[in-house]
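Worksheet: the structure to be examined is printed underneath.
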Amino acid sequence: KEFMEDLGATSSAELFQYTTSTEVGGILGNFTGATDDAGGETSTGGARRDPDGTTRVRGLAAPDRARNYFKTDIPFDAYNTDRIDINRGANSFLFGLGSPAGLANVGLAKAQFKNANEISTRIGTGGNTPAYRGSFKVNRILIKNTLAVHVAALVDRTTYRQEPTYKNDD
């Protein structure tokens with residue numbers, strides 16, 4: 001969690017740029033993520049549509065993605081994530097999912113028995129239009145040592161240099 005905060009990483013594409021034996025496909029990455037279609041053409045559309053799916057571990061393939069060790073295709077975002085475990089190679093087989101490339105497991109944020117608040121913002125540009133991201137987390141104890149609640153919310157408006165591309169997440 002501290003490593004992700006230090007980097008300002010909010011997705012696996014941003015995190016994998018700085019971890020060992022991992023590669024990121026597409027515009028944010030260090031290889032194209034291109035595939036050959038049936039006509040012999042090279043296409044980078046998959047890397048644009050699913051940037052998490054075009055990451056590679058150990059140069060093999062995309063790792064299996066999991067949330068609390070249940071396989072998923074839902075990309076993670078740092079606003080509701082407590083930790084990320086990246087298991088590579090033979091070690092990843094211990095968790096029963098089976099990709100020889102590895103496993104990227106996301107631990108979702110859980111309610112804890114302490115009152116806490118967190119607000120984060122990020123402002124930048126994606127060409128001519130401003131891009132902004134805001135999130136908040138609230139953790140409250142409702143019944144001491146028995147019941148706590150955790151709420152997290154996100155607004156992400158990211159634009160890119162090529163019009164009309166954008167990503168809006170809520």
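In this simple spin-label model, placing a label point 7 Å from the Cα along the Cα-to-Cβ direction at both Lys1 and Asp85 gives a separation of 1.6 nm. Here's the list of lysines a cross-link from Lys110 could span, going by alpha-carbon distance under 20 Å and ignoring same-chain residues fewer than 8 apart: Lys1, Lys71, Lys137, Lys144. Computed packing ranks the peptides 145-157, 74-86 as 74-86, 145-157, most packed first, by mean other Cβ atoms within 10 Å. Between Phe136 and Arg67, the FRET efficiency from the beta-carbon distance, with R0 = 22 Å, is close to 0.55.
Read-outs throughout are calculated quantities, based only on the coordinates presented, and are distinct from any laboratory measurement. Here the structure is a predicted model, which means the values were calculated and not measured. Counting neighbours? That spans all protein chains shown, and the Cβs are built from the backbone with ideal geometry, glycine included.
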